[in-house]
Each structure stands twice: as structure tokens, then as C-alpha cells.
1. In segment B:64-83, what count of residues is obtained for those that are within 7 Å of chain A (Cβ to nearest Cβ) and not aliphatic (A, V, I, L, M)?
2. Would you tally the residues in segment A:58-75 being in contact (Cβ under 8 Å) with a residue 60 or more places away in the chain and touching a strand residue (DSSP E or B) at 6+ places or on another chain (Cβ under 6 Å)?
3. Here is a list: A:F470, A:F542. Which entry is among the aromatic types (F, W, Y) and within 26 Å of the chain's Cα centre (by Cα)?
4. May I ask you to verify whether A:I384 is closer than 12 Å to A:G452 by Cβ and either touching a strand residue (DSSP E or B) at 6+ places or on another chain (Cβ under 8 Å) or not in a helix (DSSP H, G or I) (or both)?
5. Got a number for residues in segment A:417-437 being touching a strand residue (DSSP E or B) at 6+ places or on another chain (Cβ under 8 Å) and touching a residue at least 60 places away in the same chain (Cβ under 8 Å)?
6. Out of the helices (runs of 4 or more DSSP H) lying entirely within segment A:207-291, which hold 1 or more residues that are more than 14 Å from chain B (Cβ to nearest Cβ) and crowded, with 24+ Cβ neighbours inside 10 Å?
7. Find the residue count for segment B:2-34, including only residues that are assigned to a loop (DSSP other than H, G, I, E, B), away from every other protein chain (no Cβ under 12 Å) and either touching an Asp or Glu at 6+ places or on another chain (Cβ under 9 Å) or free of Cβ contacts under 8 Å to residues at least 12 places away in the same chain (or both).
8. Return the residues of segment A:197-241 that are over 22 Å from A:F439 (Cβ atoms) and among the hydroxyl-bearing types (S, T, Y); say none if nothing qualifies.
Amino acid sequence: MPIKMSRLNSIREVEHLREWLREQRKNITTTVMVCGGTGCRASRSQAVIDAIGDELSRQGLNPSVRLCVTGCHGFCEQGPVVIIEPGNIFYCHVSPDDAFEIVYQTVMNEEIIERLLYTDPVSGKKVRTESEIPFYQAQDRQILSQNRMVDPCSIEDYIVVGGYSALPKALNGMTPADVINEIKSSGLRGRGGGGFPAGRKWEECWEAPDNEKYVICNADEGDPGAYMDRCILEGNPHLVLEGMMIGAWAIAAQKGYIYVRNEYPLAVKHSLIAVEQARELGLLGENILGSSFSFDVDIARGGGAFVCGESTALMASIEGKVGEPRAKDVHTVVDGLYHKPTTLNNVETWANVPSIILNGSSWFASKGTQNSKGTKILALTGRIKNTGLVEIAMGTPIHDVVFNIGGGAVNGNLIKAVQTGGPSGGCLPVDKFDLAVDFDVLSEAGSMVGSGGMVVMDEETCMVDVAKYFLEFLQDESCGKCVPCRLGIDRMLEIITDITEGRGTPEQLDLLEELADTVAQTSLCGLGKTAPNPVLSTLRYFRSEYEVHINEKRCPAGVCKALITYQIDPDKCTGCGVCLKGCVYNAITGTKKQVHVIDTQLCEKCGICRSECKFDAIRVV
Amino acid sequence: MQTRSLNQILEGRRSQPNQLIEVLQDVQKNYGYISEETMQSVSHSLGVPLIEVYRVASFYKAFRLNPSGKNVLTMCMGTACHVRGARLLVDQATCQLGVKTGEVTQDGLFSVEHVNCLGACALGPIVTENGSYYHHMTPGKLRKLIETLSHREKKDNQDANKNVQA
């Protein structure tokens, strides 16, 4: 670490450091940014990073060309992703073998490598720059766009792009009441699921009479199908830390925790590094920037329990106990971690704080709807062309997200529904796609924004199976403390299993609704209260699918194993024999170049033949 | 990875009951599971009743109470992976290896696990094998992966035997 990177004792020293760092980087002519997020790493981006690094040294381009390993860009489907600045050139599906060309042609000679460019699946055209990609164009990337500018393991990067400007602003010239008022008037609501106004939470915690207070960042992103918190914490941990520091200053907390899922090893690693770096610069510790404010943060690794997304369960877990929720007669802002006043917000909420302080509440409130302000990050996944993280202004219709950003269905299928809000949310049918992404609008429709998962479902998705999937998930994740949740989910799952296995009766649907209602009304915590949502919303909008399962013993989407058979379409089968070789159950017979046949008695419906057939000849009926 | 001894893990955490989960996380990371003896030592060192240690160790998904197989296949069961057919993958792995999820094959070479979400939803269905990610998996690809791993294990075994004979 250079001499300059030592403890900062005043606000002025932060600005000096920033100027000095910018001066140091004046001679960098080109930056090659390679995504090192979990998604791209799954597509072997580490090998690309190494290859480009080697190539840059071989060509003697250091230090004028900088290789920056960034966090997630959100377009994981296209990984590994490489962006070259200046020029904003976007290369996707890059392999280590492309390193020489990228360095020699693009970095040294400013030539574009056509084959690495992104092809828009809608228009079929090659796109040259990141900003021209329709997936990004239709978004409003306030938080996500910052990921591509910084190496998450470098506090210098964060400072160079203007980070740690909001904390000095809050410390110098803003009282805690000013900060809280700013957050209140911005209209920022919790991004973790509940949508509770963050400013009000802070205010109540600030007013709570106690000298010892805590702030917590909930990074226990347990919703299956949502990964925006992983992306932010992994890609820009200092942004989250700065938000927490401002919150701690406002409510007068001395200690903070980041409760992060252990299933996100990179997020754990990067937040540990960030905390260590902030301590070295004196941004965490005693008398931060020469002020009277002292604050430190520790990382608590979650043990993998969905219920720990519930605030009281999460706090129990930080205390080293079993993550069971308690009745919230007294709110956690008064009686929270170790029975002290505690402000808990999730990663995305904290990440919004620095820019609200810097740009003012009216800037934040200028985006969004009447009661849902700012932007929201959605994890757009499922049966859709463009999957990835999408940041949009609140109030954007679902239709725009699914079709304009997501590019519509795959394989020409018909889109049937979106599931939003994870296991606590619900499924909305296509005719509700004009609804806006807004906390209140989606709740009224029987779903919720939740943490922002948006899973697109098409005609090959069975809605009864989706309800069953969530019930299985919740049965597994129910902590077991209260009876309605522990036993109610079990009974609902029994009924749904009957329906998917051909034993369903029409009366069971009424019983299912009654049970769902009881569980919702009598469970102790949020997990139980919202557990019936996937069942209720699918019953509300897709009752006919349940009825087909019950009355005709048929699964129209071809998913429920007990109700389907695999067949070979004689018009499409070329007799290539791939399915025959692949079938371990010897259920397929046929001779070369003749139509093959599946013996339904022997077929175990494992799906191998269907996944291997290149002619799409295997049908499920 | 260098294995830390239990004493090293407990260093600076003794008599602090709130460190229970952190200690168990490190035990899990270093030893792959939490044994009864370890639970007893942890209980003694942190001042937490053994029943509470067991309760925490069995409550959270992150902790295993017995060793896993040499090759751990983890199926992501997130919603995004589910709608792209993750259940077929679980069926494939469990049928092919003859174990249920959470179990280890008799030869100790494989175990099949499932996880709620790995956060790589855009690339689903995802399977990891000892931490390496395999994306856009199909039952066919998974079968080949398991076959390849089994062949490798057999070959390693034969080579080891040859070395012994030589």
C-alpha cells in the first residue's frame, strides 16, 4: 500500500487522497474490465482474466492499460463478459483463447472483433457497445452501473469514482435528524421484501432511549431466484458499507453487522476485504475522520436458513442461536440485537443511501410512483430470452420488463405468468402484465415486489407444480416453532401432491383455500403468514390448471411425472439413434433411419432423450 | 487449503456463546462435517450446553453431522432452475448413484446435495461439483459428468493399486 493510503484523519484528507489517486491514474489510457462475479466465474471467467493479464504483460502494456476485475454486470447469461474503455466495447462469451486478439486487435489497434460482439436475439443484429444493447438501454441503472467501474477488492477504485463522499457530507454539516429527514423525504422503502419506509425505521431507532445501538445489513438473500444482493455486495461492497456508516451515524450506533449467506463465498470474501480496508483508512473505528463518531462492522456468516430473512430470527442467529423468530410486540428498532435498538435494512436499501445523501431526497423521489420511489433491481430469470439483473424505475409495467428488457419467450413459446417476490410472493398471469412494479400495486394483485425476484413462466411451466415447489421449499424452511406454519404447510403439500399425482378430488380445492387462509392468519412470523401466497395466487389465476389435473388427470404443461408420458413425434424423428443410446432403461426401440418408439411401460421419464434429441422429436403428453 | 485445528478455530472465542455459529462454520469448512466429539469440545469451550450446540448444528443447512462423499454434487433448487427442469436433475443424480439427497454412496465417492439458490439464476439449471459450476445442465449432461467422474475415480484407484504393487 502506498504511503498515501494510511489513516485519514479529516474530511479534507479524503479529498486529498481522491485527487492523489486520480493523478496516479492519469496515464492509464485503456481499461479492460472483465466480470468476475459469480455468474461469469461459473462460465470460467477466471481463466479469461488470467489470459488477458498474461497477454497484457507479454505485450508490455502495463501500466498504461489497466485490467480491472469487476463485480457482476447483471447480464450473466452472456458471460464471461469483457468491456473495453474508452469505446464501451462489449464482448460476450469470451474464452481464454480470445485474449491475444482482444489485446492485440482491440486494445492496441482499436479494431473490433465481430464474432465476440453481442447479437440481439430480437433483431438478430450485432451490437458494438454496451450502451447500445437493448437489455441495458431499457433500464435505469443507478446502483448496478456502479459495479462495472470498480474492482470490489479495491477501496481506491471506489474512492476514485467518488465513493466515500456521502459519509463526509453527513458528518460535516448534517445532524442525525437531517440525515433521517433526508431519508424520510426521499420515500426510500425497504428493498428486502416488506417495503417498510426506511426513514421511519431509522427515526424510531434514533428515538429509542439507549446508549448502545446496532445497524445490520441483511445479506441473507434466501429467496430462491433472486440474486441482486449478492451482486451488489460482491461487486461494490464499499457502497453498502458507506450506507451503513451513514445509517449508524444517524441513529448513533457503534456497531454493525453484515449478515451474509455462506452460499455466496465471493460476497463473504469481498465484504471481509472491504471492512479491513475501511478500518485501515480509519473509515471504520474510533473517531472516524476526526469526528466524534465511532463505528465498526463485523461479518456474520449465515447458516443457510430462509427464516433468518425475518428480522428477529436473523438477530437470534447473529447472537449464535437457532434462527427462530419471536413475536414482535416490541419492534426491533427498540428491542433488537442483544435487546438493544437495532436498524436492519437489506443490501439494496443500504446501497441506495449514499446517493440519496449526496444528490438529495428530491433527486431520489423524482423516480418512481406516488408511494414507491427510486429504482428497483429485479432478478429476471426463467423461461425468457434475456435473463439477468435488471434495474428499473419503480412504476415500470411488468410488460416492459418481460418483453422490452427480457426479449420475450424462448423457442416461440407463449409466456403464461411471472412469479414475483419469491416464496412469499405470488404468480401473476399475462393479463396482469400492465400492472406496475410498485409495492402496493403488486400486493393488491396477490403478489409482492419482495426482494425483486421475477421468474418468467411459459406454457411448459405447470402452475400446480410451481405451487408444490414453493410448499416443498417452505416445508423444508419452516423453523417449526409455531403450529400453523409447521403443520399447515405439511397438509397443504399433501393435498397438492395428491393433485399432481392424479389422486386429487374437486373438494380438495376448497379445503386447500381454507387451510391457506388459516395458515396466513395464525402464523407467528412473516414466513408463515405469506407461505400460502403461491398457492392462493395460482388458485386465483390458474384454477383451471388445477381442475385439469383433478378432473382429467392430465398435466397440460407436461411437468407432473405421474400424469405424463413421453412419445416420439414420427414426423420429426430422423432415426438418428441418439435417444436409443441415451436411454438407460432400454425403453426406446428402433432401427437406424427409422422412426423410434418409446415403451411407456419401461420409460422412467428421466428426460434424457428429450434433452439429447436435436430434432425436438420427443413430446410430452 | 490448510486445515486449522479446533484449538486454532477456538482461539479468541472461548467463553463467548455468541461465537457458536462462527465456530461451527469454521469447523464445517475445515473438516467437512461436525462430529459429536467436536460438538462436545465446542460446548465446553464456549460455555454453551451440548444440547444447544446440537440444536444449532442440526438447524442450519450449512452444517453436516457426518462426512460427505469425495465428490459432492450440489443441485441448485432455486425457482429459476426449477422452471428449467432442476427436478429432473435431482432424479437423474439420485437414480444414477442410488442414493437420496443428503446421502453418500456406499463407496464414499459421491454425495448428492441440494441448495436453495446459488444466485447464478441466469445460467440455470446449475449443478456444482466440489465447488465448480456447471451451467445450463440437462439430465444427459449430468449423466455424462457423473460417468466421467466415476471413470476418473476408478482410474485413480487402479493407478494407486499399481503403485502399491510396483
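1. Within segment B:64-83, residues that are within 7 Å of chain A (Cβ to nearest Cβ) and not aliphatic (A, V, I, L, M) number 3.
2. 6
3. A:F470
4. No: the conditions fail for A:I384.
5. 11
6. A:237-251, A:265-280
7. Selection size over segment B:2-34: 5.
8. A:Y214
The values are calculated or read from the model by the stated rules, or taken from the named source; none is laboratory data. For clarity, every value in this text was computed on a predicted model and none was experimentally measured. Backbone-built Cβ (ideal geometry, glycine too); neighbour counts: all protein chains shown.
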